[in-house]
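Asks: Handing you this structure, nothing more for now.
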Amino acid sequence: MMGFGRAGLLSHAIDPAVLDRVSVRSIRQGGSQLPRSAATALVALFLASLVLRPQLLAIGPLLPAMRDDLDLSHGVAGLLGTIPVLCMGLFAPFGPRVVARLGVRAGLAACLAAIGLFGLARSFAPDAVLVLAATLGLGIAVGSAGAIPAGFVKVRIPARPALGTAVYAAGIVGGAVLGAAVAVPLAAPDGDWRRSLALISLATLVPLAAWLILIEPDRAGHSPDPGPPHLPWRSSTGWLLAVVFGLQSMIYYGLVAWLPNAFVERGWSDASAGELAALLSVASLAAILGVPLVADRLGTRRAQLLVVSAGVLAGLLGVILVPDLAPAWAVILGASLGAIFSLVLVLPVDVADSGGDVGAVAALMLLGGYTMASTSPVVLGVVRDVTGSFVASLWTMVLLAIGLLVSCLWLSPRRLRRGVSRMAVLAPSD
């Protein structure tokens with residue numbers, strides 16, 4: 001999904017043998033009063049996270065106007081969604097390098113500033129080539145920022161890593177909701193997409209200023225280890241996690257890019273179609289915040305994933321077969337995809353034995369998953385160009401949902417217990 005809150009849940013390694021012990025510790029921590037410094041850090045992290053998705057999510061509702069103004073095919077227009085998602089995977093390893101050079105506070109501030117500047121450049125770009133070039137710069141900034149909050153949580157909020165992750169994820173999805181909801185109103189009354197993107201970019205200044213004011217400069221011990229993880233390239237379980245993450249992200253970003261357009265094609269107004277993207281994000285936010293509260297108490301991880309994957313499949317079929325109920329299907333899709341996102345983020349914790357191994361598995365999952373997800377907007381746009389209708393694109397997403405359901409079947413309790421060891425770096429299989 002949604003390229004939302006990536007690795008904060010990875011601060012603890014939990015295997016089945018110690019799960020009960022960790023759960024008890026988490027409950028005890030949950031009942032303790034949060035130190036003022038940690039509370040301030042959480043507020044700052046939430047505000048900074050608001051910047052990481054609006055530039056991506058605003059594109060979907062504005063895409064019809066952008067296509068008309070720039071004379072873009074659906075396939076080329078899909079690059080506006082593909083480029084940032086691909087960068088979120090490819091440039092995630094640059095985050096630790098930025099931190100090693102600038103520190104956590106200044107490093108994340110630099111990424112936030114770059115997001116705003118490239119967003120402004122895109123809004124003023126006179127042609128499609130420069131719009132795509134600015135989108136590339138924006139994607140690099142978003143991708144580099146994505147790996148920084150996990151280290152920030154580990155160093156500045158070490159006693160409450162799960163809480164830090166929830167706040168980070170809430171900020172990302174909250175920003176996504178705002179981006180999708182305000183994009184069309186900001187472009188009114190004349191549908192000026194450039195004004196809308198420029199105002200969203202300028203709004204970056206507020207969270208950036210709050211981050212710099214609330215977070216003290218880095219001191220010794222405030223920067224996480226910048227060393228790159230050794231990824232478990234030969235682990236079949238690691239790659240299975242990447243496939244599951246990639247398929248749910250392909251569906252999410254495909255819906256973000258083209259669901260509003262599909263209903264504009266059916267005769268809906270731009271504003272009404274844009275509300276579907278907002279509903280999708282609101283439902284995702286509710287699921288992201290709610291699922292972690294019950295995920296370790298109800299059923300196995302595979303059973304949980306199968307239930308919510310079935311929800312994705314049902315929602316897509318509903319959009320195709322009963323389009324008049326589109327708002328309800330958007331809620332079902334958002335809740336199901338948000339739940340999958342939360343559960344998939346926990347999987348590296350389930351299969352690894354140490355914090356370093358958790359980070360390595362997560363890095364492989366994100367790299368493979370976001371690379372897969374980056375193809376979705378373009379592929380679905382090309383399908384629309386070839387067939388002349390978004391119906392074929394929606395059926396393509398149904399096939400992806402079936403693939404997601406089948407992939408989750410392979411995540412058996414036995415496989416998760418066996419896990420991914422550091423030896424998977426060298427060994428042919430885990």
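The values are calculated or read from the model by the stated rules, or taken from the named source; none is laboratory data. What you are looking at is a predicted structure, and each value in this text was computed from that prediction instead of being measured. All Cβ positions, even for glycine, are placed from backbone atoms using ideal geometry, and neighbour counts span all protein chains on display.
Asks: If a residue has to be surrounded by fewer than 24 Cβ atoms within 10 Å (Cβ to Cβ) and either more than 30 Å from ALA330 (Cα to Cα) or at pLDDT 80 or above (or both) to count, how many in segment 158-183 make the cut?
Replies: The qualifying residues number 8.
Asks: Now for a different question. Listed residues ALA121, ALA109; which is crowded, with 17+ Cβ neighbours inside 10 Å and more than 25 Å from SER374 (Cα to Cα)?
Replies: Residue meeting the stated conditions: ALA109.
Asks: Is it the case, given these coordinates, that VAL406 is at pLDDT 90 or above and not in a loop (DSSP other than H, G, I, E, B)?
Replies: Here the answer is yes, as VAL406 does meet what is asked.
Let's see how each residue does on (1) under 29 Å from ALA271 (Cβ atoms); (2) modelled with pLDDT of 85 or more; (3) aromatic (Phe, Trp, Tyr):
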position: ARG53; (1), (2), (3): yes, yes, no
position: MET66; (1), (2), (3): yes, yes, no
position: ALA100; (1), (2), (3): no, no, no
position: ALA114; (1), (2), (3): no, yes, no
position: ALA125; (1), (2), (3): yes, yes, no
position: VAL129; (1), (2), (3): no, yes, no
position: LEU136; (1), (2), (3): no, yes, no
position: ILE148; (1), (2), (3): no, no, no
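Asks: Still on this structure, please answer the following. List pairs: first in segment 77-93 and outside any helix (DSSP H, G or I), second β-branched (Val, Ile, Thr), Cβ under 6 Å, 6+ apart or cross-chain?
Replies: Cβ pairs passing all conditions: GLY78/VAL378; PHE91/ILE140.
Asks: Right, here's the next one. Quick check: anything in segment 20-36 modelled with pLDDT of 75 or more and not hydrophobic (A, V, I, L, M, F, W, C)?
Replies: There is at least one residue in segment 20-36 that is modelled with pLDDT of 75 or more and not hydrophobic (A, V, I, L, M, F, W, C).
Asks: Further, regarding this structure: Just one of (1) in a helix (DSSP H, G or I); (2) within 20 Å of the chain's Cα centre (by Cα) trips up VAL99, so point out which.
Replies: Exception for VAL99: condition (2).
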